[in-house]
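Structure first, then comments.
The values are calculated or read from the model by the stated rules, or taken from the named source; none is laboratory data. Note that the structure is a prediction, hence the values are computed from the model and not measured. For neighbour counting, all protein chains shown are included, and Cβ atoms are generated from backbone atoms with ideal geometry for every residue, glycine included.
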Amino acid sequence: MTDDVHFYHPDEGHRLRHDPFKAIVAPRVIGWISSRDADGRVNLAPYSFFGAFATFPYIIGFSSEGQKDSIRNIEATGEFVWNMTSRPLGEKMNRTSAPVAHDIDEFDLAGLTKAPGRSVDVPHVAESPAALECRLLQVVRLKNLAGEPMDNWLALGQVVGVHIRKEFLKDGLFDTAAARPIMRAGYRGDYAELGEMFEMIRPTA
């Protein structure tokens, strides 16, 4: 152990002002998930643990701390949509994180437009630069090292439809910089916008 490294075992405490885990695993794409319950009521909520896990087919997933409306809705209907959160949509996305009653429509709460799904019966955010329609593959309740179930639920879905606003297509490429995606970065209220992009081509040998 050297003096210039702070090391700790998570189960023994971090000995810092705030838990650094979410600041270290950053930035993270926001899982802005729209879903519909069995009675047709729509939900829209952001999740800070989200990622892409495979191509051919495309598979994405998000994790919920607690079995919240999104997880229950997706288990009931087998469908959901991921919506890209851009800087212009940041405040409205944040509004959809409010802990409101199940029958409150977060699209209406945040002043967002519902666009109908093409391959799923779930609307997406019309203002979003891109959206991915998904059908559920599985919901996994996570377990810790002792094999004990946690109150964390991972939903994995296969992408069955892709929406891209044409203003963000340049010469046949999705212009990520122009879309201005924002990400979770750091502590409770910290977000980041995409900064300078650069290219590195993977070696062939």
Problem - Filtered residue count, segment 57-71, keeping only those that are closer than 19 Å to residue 106 by Cα and of a type in the set (Val, Ile, Thr) - result: 1
Fill in the blank from the handout: Log entry, pairs with first residue in segment 78-96 being more than 15 Å from residue 123 (Cβ to Cβ), second being assigned to a strand (DSSP E or B) and among the β-branched types (Val, Ile, Thr), beta carbons closer than 7 Å, six or more apart or on different chains, reads 85/182; 86/182; 87/182; 90/182
Completion exercise
Within segment 87-145, the residues that are exposed (fewer than 13 other Cβ atoms within 10 Å of the Cβ) and charged (D, E, K, R) are 91, 103, 108, 118, 121, 141, 143
Practice task
Please go through segment 146-205 and pick out each residue that is among the small types (Gly, Ala, Ser), surrounded by 15 or more Cβ atoms within 10 Å (Cβ to Cβ) and out of contact with any Pro (no Cβ under 7 Å at 6 or more places or on another chain).
Solution key: 155, 157, 161, 186
Fill in the blank from the handout: Flagged in segment 1-27 as surrounded by 12 or more Cβ atoms within 10 Å (Cβ to Cβ) and either aromatic (Phe, Trp, Tyr) or at pLDDT below 95 (or both), in numbering order, are 19, 20, 22, 23, 25, 26, 27
Practice task
Kindly indicate whether any position in segment 109-118 is modelled with pLDDT of 95 or more and either under 13 Å from the mean Cα position of the chain (by Cα) or on the phi > 0 side of the Ramachandran plot (or both).
Solution key: yes
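Is there a residue in segment 131-138 that is in contact with a Cys (Cβ under 6 Å, 6 or more places away or on another chain), in contact (Cβ under 8 Å) with a residue 12 or more places away in the chain and outside any loop (DSSP other than H, G, I, E, B)? Lay out the reasoning, then the answer.
If we filter segment 131-138 for residues that are in contact with a Cys (Cβ under 6 Å, 6 or more places away or on another chain), which is where we start, we get none.
Within segment 131-138, none of the residues are in contact with a Cys (Cβ under 6 Å, 6 or more places away or on another chain), in contact (Cβ under 8 Å) with a residue 12 or more places away in the chain and outside any loop (DSSP other than H, G, I, E, B).
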